[in-house]
Amino acid sequence: MEVITKIKEMQIVVDYLRASGKKIACVPTMGYLHEGHLSLVKRAKEIADVVIVTLFVNPTQFGPNEDYNRYPRDFAKDKANCEQAGVDFILHPEVQEMYPSGYNTEINIREISKKFEGAFRPIHFNGVATIVSKLFMATKPHYALFGQKDYQQTLVIKQMARDLLIDVAIVIAPTIRELDGLAKSSRNIFLSESERKNATNIYKALELAAEEIHKGEKRRKVINGIMHNVLRSAGAFHIDYAMSADADTLDEPEEFLSGQRIVLLIAAYLGKTRLIDNYIVSLPSSISSRPERFENF
Ligand code: AMP
């Protein structure tokens, strides 16, 4: 495994690899790797010849009062994890390398990036889209892997790749969870013992709402109310949003239609730690009496 810090060097390597007919997969991360990230690496190894993990805590996707400085970092451990997982290259640039002075371009994805997460973190998805497009330019991948954990992000990236004619297959992998359902996240280390116990209620809220949808509940506000109730009765949560929407467009109809694929989305604080999670579920179609349940796509 090789660690590369300079974009030019990375580009020379990937040009050579592409010319030799190798398929490249890129796994963009902010580091502090856990099993969620490593599941993306595993999938990447299955579909490509060469796996590049990028480790970069991207300042432009954090708002002024967010946790950029506090975001956990442990390069030595990430490097060991990547080595063990069979990663071929780590791209680990300095901020100056990604955003040299005079840098003046950003990518704005309209609509899909403005609601839910985008409403609470207004600059977030512009920062994400900008850095991901730059990482694509740096690593020239055939495949790029993202986790369903950041559901709205997957829609934003797909939209960007489509709109900018970026020749990369976006692969989405399922959310990896702790035994009690809490989605693995680099930020989970910030949870106190009691917050950690309470955090499972996010998954409970998603599951309960999904159960009701399975039973045929289609009223959006009722579905949202179920999630709010679980979080409220758990106490301690400050809810940014607990919402349901069409899984592809994020539209919010009064009532969902039979067979419609719905995403349940939650963002909530426990103390200072902001957690996000989601769940995909389909309303039963009128012809099926036993609806299928799935969390991936
Ligand atoms: P991050 O380092 O948080 O920016 O995440 C890097 C990538 O890993 C993103 O595509 C995330 O969606 C994905 N990821 C983070 N947590 C998980 C998880 N628990 N399961 C699957 N993928 C994840």
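What do you reckon, is ALA44 open to solvent by 30 Å² or more (accessible area, probe 1.4 Å) and either aliphatic (A, V, I, L, M) or modelled with pLDDT of 95 or more (or both)? Steps first, answer last, please.
Working: open to solvent by 30 Å² or more (accessible area, probe 1.4 Å): no; either aliphatic (A, V, I, L, M) or modelled with pLDDT of 95 or more (or both): yes.
In short, no.
When you check GLU83 against the structure, is it open to solvent by less than 20 Å² (accessible area, probe 1.4 Å) and acidic (Asp, Glu), yes or no?
Against the criterion (open to solvent by less than 20 Å² (accessible area, probe 1.4 Å) and acidic (Asp, Glu)), GLU83 does not qualify.
What's the number of the condition LEU91 fails, among (1) open to solvent by less than 20 Å² (accessible area, probe 1.4 Å); (2) more than 19 Å from SER39 (Cα to Cα)?
The single condition LEU91 does not satisfy is (2).
Among the residues of the stretch 146-195, which ones are over 16 Å from PHE125 (Cβ atoms), open to solvent by 60 Å² or more (accessible area, probe 1.4 Å) and away from the ligand (no atom under 15 Å from the Cβ)?
Answer for the stretch 146-195, where residues must be over 16 Å from PHE125 (Cβ atoms), open to solvent by 60 Å² or more (accessible area, probe 1.4 Å) and away from the ligand (no atom under 15 Å from the Cβ): LEU165, ASP167, GLU193, SER194.
Looking at this structure, is ASP78 modelled with pLDDT under 95 and either at positive phi or open to solvent by less than 60 Å² (accessible area, probe 1.4 Å) (or both)?
Numbers: modelled with pLDDT under 95: no; either at positive phi or open to solvent by less than 60 Å² (accessible area, probe 1.4 Å) (or both): yes.
Against the criterion (modelled with pLDDT under 95 and either at positive phi or open to solvent by less than 60 Å² (accessible area, probe 1.4 Å) (or both)), ASP78 does not qualify.
Out of the residues in the stretch 240-257 that are among the hydroxyl-bearing types (Ser, Thr, Tyr) and closer than 17 Å to PHE120 by Cα, which is surrounded by the most Cβ atoms within 10 Å (Cβ to Cβ)? Steps first, answer last, please.
Here is the first cut: in the stretch 240-257, the residues among the hydroxyl-bearing types (Ser, Thr, Tyr) are 241, 244, 249.
Subset that is closer than 17 Å to PHE120 by Cα: 241, 244.
Working: TYR241: 17, SER244: 28.
Only one residue fits best here, namely SER244.
Hey, can you tell me all the residues within the stretch 108-125 that are loosely packed, with under 14 Cβ neighbours inside 10 Å and of a type outside the set (A, V, I, L, M, F, W, C)?
ASN108, ARG110, GLU111, PRO122 - these are the residues of the stretch 108-125 that are loosely packed, with under 14 Cβ neighbours inside 10 Å and of a type outside the set (A, V, I, L, M, F, W, C).
Looking only at the stretch 258-277, which residues are open to solvent by less than 60 Å² (accessible area, probe 1.4 Å), free of Cβ contacts under 8 Å to residues at least 60 places away in the same chain and part of a strand (DSSP E or B)?
Initially, the stretch 258-277 is screened for residues open to solvent by less than 60 Å² (accessible area, probe 1.4 Å), giving 259-268, 270-271, 273-277.
Within this subset, residues satisfying the condition of being free of Cβ contacts under 8 Å to residues at least 60 places away in the same chain are 259-262, 264.
Correct list: ARG261, ILE262, LEU264.
Here are some residues: PHE190, PHE146. Which one is within 12 Å of the chain's Cα centre (by Cα) and among the aromatic types (Phe, Trp, Tyr)? I'd like the intermediate steps shown before the answer.
On the way: PHE190 fails: within 12 Å of the chain's Cα centre (by Cα).
Going through PHE190, PHE146 in turn, just one is within 12 Å of the chain's Cα centre (by Cα) and among the aromatic types (Phe, Trp, Tyr): PHE146.
The values are calculated or read from the model by the stated rules, or taken from the named source; none is laboratory data. No experiment lies behind these values; they were computed from the predicted model shown. Cβ: placed from backbone, ideal geometry, glycine included. Neighbour counts: every protein chain shown. What goes into the accessible areas is simple: the full protein's heavy atoms, side chains included, and nothing from ligands, DNA or RNA. Shrake-Rupley method; radii C 1.70, N 1.55, O 1.52, S 1.80 Å.
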